[in-house]
Structure formats: structure tokens, C-alpha cells
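Structure record follows, encoded as C-alpha cells.
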Amino acid sequence: MQYKYLLDEKDMPTHWYNILTDMKKKPPFYRHPATLEELAPPGPPMPPPVFPMALIEQEFSPERYIEIPDEVADVLKMWRPSPVYRAARWEKALDTPAKIYYKWEGVSPPGSHKPNTAVAQAYYAKAEGLEGVATETGAGQWGSALSFATNYFGLKCKIFMVAISFQQKPYRRIAMETWGGSVVPSPSSETNAGRAVLEQDPESPGSLGIAISEALEYAVTHDGYKYSLGSVVNFVLLHQTVIGQEAMKQMEMAGDYPDIVIGCAGGGSNAAGLIFPFMKDKLTGAKPNLRAIFVESTACPSMTRGVYAYDWGDTAKTGPVAKMHTVGHSFIPAPVHAGGLRYHGMAPSICALLDQGQAESRAYHQNEVLSSAVGFARAEGFIVAPETAHAVKAVMDEALACKESGESKVILFNASGHGHFDLAAYDAYFRQDLPDYQLDESRIEVALTELPKIPA
Ligand SMILES: *Cc1c(COP(=O)(O)O)cnc(C)c1O
């Protein structure tokens, strides 16, 4: 039995893959946050231009493959290519005829897939002559990744961290500071957006939507700064496609092609990173039966209970409006441990695929998710992040369905990160102190009344 599939450094992908070029029906253009007018290129893509120009060009690029700069590849090679494992011991524990593989992104120094885009974004910010970048972080994974990356390019990094995570996860803050980042809890008193929320609720646990508003405001009000985003937009998903391109080679080494590809989805970047290069085969007709499953938290069920509509990407309505599955920009999800799955929207490209029936979505509660992650850890050894555990649960369900039907399907999932900073979630699970949030439909309904009214 071969347990792992490793690639040489020279086998790292040389290009990122742009799935939009293979989608027959693409997601619609963004809209202006105030006028709601369509922002079709070559007009100004996002008001204000909050990202480095090179990234904005990638966001709207007509190219199928975009070359990875040497300086970016150089840093990625610290841990890439990452391994693919055959979860043989877990298959045995589940007593399933399914073959399970996972791509392990926990090997990066910050411990997740996020530096795949953080390194690229830091590189382009430096190339544009910036002094620093501002960003938000939920559980602290994205902030860690960006602190790690900016450090290599001599850039400053200002991070607004969702207050509840700032309190629950001090170790991530310390990691960010170790790499040189500057971290404040959000809502903060440093921005108008933060002060407005604090006035309403001084004890606000914060949300990704609020933190995004703060980081955006900080970036546009400080010279030499631009904004950096860890998920959702096309260029981030693009940078993550190194995951799936590597995994395709590794599955070839294993002599298998997946029937089902699975990833957990907060804004959708790690799942897309694994899935999009395989989805190319589905969209072009080579693998019409491939199933792609995006897994979210029941506490923030944008794909499974939200609407497919235009919405603002952030709470203060300063960022662009995108068509996506959303539970509303003002929705503040319960403080589940999977902080990275607490975003109200979802990547527009994934939403378009869901809408076109090319992909599936599902949601799970945190106890069932942690339970499956414990089973995974006891079989495979790796303790995964609470976000990743959502994918683990979906894989387990598919593997058990194979046991029922006797089918030996090949399942591949993205193990997006390790859970070494999230052990409190496991602890709460063991102590039976982990709430499953039964989300009231009325909470979503209220948030949805605030969607923008798009002119016909
Ligand atoms: C941030 C994060 C996620 C969720 O973000 P996506 O953009 O949906 O990938 C998932 N897993 C881990 C480990 C993360 O850090």
C-alpha cells in the first residue's frame, strides 16, 4: 500500500489556471457599491482601486493560464509541492470500499493553504512600490499567512482581527506578530466603520464583514497602503489553483481519477484551488460525471440557505457588489470555531457553477464535524482545522454511502490546514460544551431585506 504521493520541486505548476475562460456562462460583472452600476472592463474595475493593478488585471484576465513569477515560486517552494495522502487507515476504520485521498496543505509555515495567495499578493504589492497592506482576518489564518508573506518582501502588514477570534485565539495573534504584522481587534476605534459598530454594540463579537470594512477604510485613508483579501475574488482563487494542478499529477501517480472532489468553503478559495483544475475536465466534457462538493457551516449557510443575488461584499457597503449566494451583508453568524467559514457570501465563480448545476453544496453542525475530525486524527494522525473538518465530515458521509451501495468510488478532498491553534474546539467537543446553532430562518430573512435593489 502506498500512503503518500510526492512531487519534485521542478514539478510545481508554472502557471495559475483561470477557470472563467472555460465557463460557458460566466458570473456577471461587479457593481459599484453606491450607484450599483455594472463595472464592466475596461472601465474602472473597483472604486476605489483598492488592490495592486496587477491583481485587478488578473481578476478580469481573458488568459487561461497566467505565469507564476519566479519570486513567488521561490517562496512557495519552501513547502510546495505539498503531499497527497491515501487515507488507507481511515478507509479501514470507516470500513468503506471507497478510496480516499487528501491533499495536505497543512505543511506551509502558517499551516494552511492561505500563503499560496498571500505570497503572490505581497509580491505584487511590493512590485507596485507600496509600503504596506491592510487586511482582515477571522480565525487568524489569513492574517498569519499575510504576515508571513509580507515579511519576505519587506512590507508592513496591518491586520483587523474579528474580536471574538482575537479573544479566543491569542496564539494566532502572537504568530502574526512574530512574523512582523500589527494586529488590532475588530470592531476597532481606528476607523469610522469600526466606531459606528462599537457605538451600537460596545461588546460586538465582530464579523468578517465588519473587519473587511475596517481594512478597506484603513487602506484608502493611508498613503502607500492597499488592501489585501484572502478569499472570494477571482485572483485569490486563481492563486490557489496550484493545489489542484499538483493534485492532478499526484492522482496520476496513484493511477486514479476522482469521482468526487470535496473542499470546505468560507469564501471558497481552498476548495476552488483543489477543485477548479479538475472542474476544467468536467466543463470541457472530458469528465462529465465528476461531482464537486463545497461544504459550509450551518451557522453561516450562504450556499444552502442563502439566495443567489447581488450583495455587498462587506458590512459597511464600501466594497463592490457581487452576484453570489449570500445570507446578507449584515448577517453576523454565531461564533463557531470554524472562524474561516463565517463569511456571509461566497466566491461568485463557485456560485455560478452551483447555479448551473455543475457543483453541489451542503452544510454541517460543529459537533458532527468535530466528531469526524477526531476519527480522522485517530486514523491518519493529522489534527485538522475546524474548517477542514467540514470537508472531512462530507468525505465520511460519501464514504459511508459507498459502503451502503458497495461502490468503490475515488474521493479526493482538500485538507486545507492543521488545527494546532484550534485545539480549544476539540477540547470543547470532548467536554460536550460545543453548541450546535439552530439558525432561525427569520434571522436570514431580516438580513436579506437589506440586499441592494439592482436597477433593471
Ligand atoms: C480560511 C480557511 C478556510 C476557509 O477559507 P476559503 O477561502 O473558503 O478556503 C478553510 N480552511 C482553512 C484551514 C482556512 O484557514
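Has segment 321-343 got any residue that is surrounded by fewer than 24 Cβ atoms within 10 Å (Cβ to Cβ), over 30 Å from K226 (Cβ atoms) and modelled with pLDDT of 95 or more? Within segment 321-343 (the criterion being surrounded by fewer than 24 Cβ atoms within 10 Å (Cβ to Cβ), over 30 Å from K226 (Cβ atoms) and modelled with pLDDT of 95 or more), the answer is no, since none of the residues qualifies. Just one of (1) open to solvent by less than 60 Å² (accessible area, probe 1.4 Å); (2) in a loop (DSSP other than H, G, I, E, B); (3) aromatic (F, W, Y) fails for W90. It is (2). Residues in segment 73-117 that are within 20 Å of the chain's Cα centre (by Cα) and either of a type in the set (V, I, T) or modelled with pLDDT under 95 (or both): V84, V107, T117. Within segment 412-422, at least one residue is open to solvent by 70 Å² or more (accessible area, probe 1.4 Å) and at pLDDT 95 or above.
Scanning segment 114-125 for residues that are more than 17 Å from A54 (Cβ to Cβ) and either of a type in the set (S, T, N, Q) or open to solvent by less than 10 Å² (accessible area, probe 1.4 Å) (or both) yields a total of 1.
Restricting segment 8-33 to residues that are in contact with a Ser or Thr (Cβ under 9 Å, 6 or more places away or on another chain) and part of a loop (DSSP other than H, G, I, E, B) leaves a set whose member that is nearest to K453 (Cα to Cα) is P33. Summed over segment 260-301, residues that are within 12 Å of the ligand (Cβ to nearest atom), part of a loop (DSSP other than H, G, I, E, B) and touching a residue at least 60 places away in the same chain (Cβ under 8 Å) total 4. Check whether at least one residue in segment 372-389 is more than 19 Å from V232 (Cα to Cα), assigned to a loop (DSSP other than H, G, I, E, B), over 17 Å from the mean Cα position of the chain (by Cα) and of a type in the set (K, R), and report yes or no. No, because not a single residue in segment 372-389 is more than 19 Å from V232 (Cα to Cα), assigned to a loop (DSSP other than H, G, I, E, B), over 17 Å from the mean Cα position of the chain (by Cα) and of a type in the set (K, R).
Can you say whether K453 is away from the ligand (no atom under 16 Å from the Cβ) and exposed (fewer than 15 other Cβ atoms within 10 Å of the Cβ), as far as the supplied structure shows? Against the criterion (away from the ligand (no atom under 16 Å from the Cβ) and exposed (fewer than 15 other Cβ atoms within 10 Å of the Cβ)), K453 qualifies. Of the residues contained in segment 179-193, none is found to be acidic (D, E), out of contact with any Pro (no Cβ under 8 Å at 6 or more places or on another chain) and either open to solvent by less than 20 Å² (accessible area, probe 1.4 Å) or free of Cβ contacts under 8 Å to residues at least 12 places away in the same chain (or both).
Looking at L198, is it part of a helix (DSSP H, G or I), open to solvent by less than 10 Å² (accessible area, probe 1.4 Å) and not polar (S, T, N, Q)? Here the answer is no, as L198 does not meet what is asked. Among the residues examined, P202 does not qualify as over 21 Å from the mean Cα position of the chain (by Cα) and modelled with pLDDT under 95. Hey, any hits in segment 333-351 for a residue that's of a type in the set (V, I, T) and either away from the ligand (no atom under 13 Å from the Cβ) or within 16 Å of H32 (Cβ to Cβ) (or both)? Within segment 333-351 (the criterion being of a type in the set (V, I, T) and either away from the ligand (no atom under 13 Å from the Cβ) or within 16 Å of H32 (Cβ to Cβ) (or both)), the answer is no, since none of the residues qualifies. The selection criterion, being without any contact (Cβ under 8 Å) to a residue 12 or more places away in the chain and not in a strand (DSSP E or B), holds for E57. Here segment 296-312 is the region considered, the condition is being β-branched (V, I, T) and in contact with an Asp or Glu (Cβ under 9 Å, 6 or more places away or on another chain), and the residue that is least open to solvent (accessible area, probe 1.4 Å) is T298.
Go through segment 236-259 and give me each residue that's within 15 Å of the ligand (Cβ to nearest atom) and assigned to a loop (DSSP other than H, G, I, E, B). Passing the criteria: Q240, T241. The conditions of being modelled with pLDDT of 95 or more, surrounded by fewer than 23 Cβ atoms within 10 Å (Cβ to Cβ) and either touching a Phe, Trp or Tyr at 6+ places or on another chain (Cβ under 6 Å) or more than 19 Å from S269 (Cβ to Cβ) (or both) are met by F382. For segment 126-172, residues that are modelled with pLDDT of 95 or more, assigned to a helix (DSSP H, G or I) and surrounded by fewer than 24 Cβ atoms within 10 Å (Cβ to Cβ) total 4. Taking the residues in segment 425-456 that are in contact with a Leu (Cβ under 8 Å, 6 or more places away or on another chain) and in a helix (DSSP H, G or I) as candidates, determine which candidate is nearest to S165 (Cα to Cα). Taking the candidates together, the pick is A425.
The values are calculated or read from the model by the stated rules, or taken from the named source; none is laboratory data. Everything numeric here is computed off the predicted structure, so don't read it as measured data. Backbone-built Cβ (ideal geometry, glycine too); neighbour counts: all protein chains shown. These accessible areas exclude ligands, DNA and RNA; they are computed on the full protein's heavy atoms, side chains included. Shrake-Rupley method; radii C 1.70, N 1.55, O 1.52, S 1.80 Å.
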